[in-house]
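Encoded as structure tokens, the structure appears first; notes follow it.
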Amino acid sequence: MNSAKKLMNQQNKTDSNAAGAGVPASGDRILGDAGGGPGKKPIILGAICVIVVLALCIGVGIQQLKPQRVLVINDTKKTMDDMMYPIYERESMYLPLNETYQYMMGSSVWDVGYQGDDSSVDAGTNNSDGLKIEIMNKETEYEILYQEAEKAGYKITEDEKKDAEKQADEALKGLSGVQKLKLCISKKNLTSRFEKRIVADRYKADQQANLDKEVDEDKAIADISKEDYRQYDIDYYYVSLSTVDSEGNSKELSKSDKEELAKDIKALAKKAANAKDFSKLVENEEKSDIKYNTGNFTEKSGWTFVSDKNLKKIKALKNGEISEVFIDDSAGYYVFVKMIDNNSTESYESECDKVIEEAQKVKYDEWYKGIKDGYKVEINNEIWDDITIGAVTTTIVTAEDLQAMAEEETSGTSE
């Protein structure tokens, strides 16, 4: 009771003081009154909360709209907008092959083994993951080489500027305005990209030329055997001893069918002896089971159309000489051959070139690694890890779009 009286006395005192100051008594105040009473605090706090929430929303919105950095090389920053074109380059190259891979191999072109040429990609990596590594490595290399070229005083020439502009026009050909927008590309930014690529490529070629001089070519090819890579160039007629049914299964021909084919190919071989043109012995090859072809093999690789015993007979042929007909069921073919060149150096020279190029690439890779080590390279894996090659631009520019663009290019109607 005493406590209640005490509270009432305090309330009366407060109202009396308020009245003396020209402020309505507490019982007469309304929410939001400018009298400075307790009703104003919730409004102020609410306003502050609204402002804070709006600021946060605006900040998040700006951050979402702002291109996110994926790659930083020293002070140069590349966003996902910058990465869209190199991704599109690879995806538009492989997407038209997807249907064929699905049909022939039962797997998408993205799931098969890596098809590119980046030696840093591990064996067994699928094509999607391998191309992703390739894109990042290539973008990094181009930027580093361009910066090195600038340091060395390289400048783009007028002819190179024209070339870059032509490349940009070619890259944009057939794309709609919406597709360009979604791919984050324009003639201006593509021309700039290609200008940098051209300068970087020229700088790389100059460095490679100097590095090639350091390769000991004789040492590189010392272990390549001329005998192993001796090549035999041949023209030949053959007939397969099996057929393929409607389900794609191979089925061996009957004995009677084989006897008939043996008779036909022997008759053709007799005709070859006096023919002026060995390649035109069969009058209507589309309707004939016997087919003409050209080919070659080396001492090392051999030739699977005949047995080892018959292969020795073929190797013994002189240039221009025609073999007997080899009737050998175990080989899977009946065949006869005309020797064109029994001592070609083509395979040997090709293998030497390959080995030398590999040695030159090793030199370049060593040089580039030394240069790259001097750069600070950062990849934003929070963004890049979420990228799946084969699913970035393939819904923007579909396989059907690419087919239409290819047809326009062939017909010459594309502008």
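The values are calculated or read from the model by the stated rules, or taken from the named source; none is laboratory data. Since this is a predicted model, take the numbers as computed values, not measurements. Because the Cβ atoms are built from the backbone with ideal geometry, glycine has one as well, and the counts that use them run over all protein chains shown. We work out accessible area using only protein heavy atoms, side chains counted, and drop any ligands, DNA or RNA first. Shrake-Rupley method; radii C 1.70, N 1.55, O 1.52, S 1.80 Å.
Taking the range 378-415, which residues are of a type outside the set (Gly, Ala, Ser), in a helix (DSSP H, G or I) and free of Cβ contacts under 8 Å to residues at least 60 places away in the same chain?
Asn381, Glu382, Glu400, Glu407, Thr410
Being of a type in the set (Gly, Ala, Ser), within 30 Å of Glu160 (Cβ to Cβ), modelled with pLDDT of 95 or more and open to solvent by less than 70 Å² (accessible area, probe 1.4 Å) narrows it down to one of Ala262, Ala220, Ala200, so name that one.
Ala200
Anything in the range 166-179 that is aliphatic (A, V, I, L, M) and not in a helix (DSSP H, G or I)? List them, or say none.
Within the range 166-179, just Leu175 meets the criteria.
Out of the range 352-366, which residues are more than 25 Å from the chain's Cα centre (by Cα) and open to solvent by 40 Å² or more (accessible area, probe 1.4 Å)?
Asp353
Any residue that is open to solvent by 40 Å² or more (accessible area, probe 1.4 Å), within 27 Å of Glu170 (Cα to Cα) and touching a Cys at 6+ places or on another chain (Cβ under 7 Å) - is there at least one of those in the range 114-121?
Checked against the condition, which is being open to solvent by 40 Å² or more (accessible area, probe 1.4 Å), within 27 Å of Glu170 (Cα to Cα) and touching a Cys at 6+ places or on another chain (Cβ under 7 Å), the range 114-121 yields no hits at all.
Taking the range 268-290, which residues are open to solvent by 60 Å² or more (accessible area, probe 1.4 Å), within 16 Å of Val239 (Cβ to Cβ) and touching a strand residue (DSSP E or B) at 6+ places or on another chain (Cβ under 9 Å)?
Result: Glu285, Asp289.
Looking only at residues in the range 73-109 that are out of contact with any strand residue (DSSP E or B) (no Cβ under 7 Å at 6 or more places or on another chain) and charged (D, E, K, R), which one is farthest from Val392 (Cα to Cα)?
It comes out as Asp75.
For residues that are outside any strand (DSSP E or B), free of Cβ contacts under 8 Å to residues at least 24 places away in the same chain and buried (at least 19 other Cβ atoms within 10 Å of the Cβ), tally how many sit in the range 321-347.
Qualifying residue count, the range 321-347: 1.
If I ask for residues that are of a type in the set (D, E, K, R), in contact (Cβ under 8 Å) with a residue 24 or more places away in the chain and not in a helix (DSSP H, G or I), which ones from the range 354-377 would you list?
Passing the criteria: only Lys376.
With (1) within 30 Å of Thr345 (Cα to Cα); (2) in contact (Cβ under 8 Å) with a residue 60 or more places away in the chain; (3) part of a helix (DSSP H, G or I) as the list, and Lys182 as the residue in question, which single condition is left unmet?
It fails just one condition, (1).
Looking only at residues in the range 258-279 that are basic (Lys, Arg) and in contact (Cβ under 8 Å) with a residue 12 or more places away in the chain, which one is farthest from Asp328 (Cα to Cα)?
Checking each candidate, the answer is Lys266.
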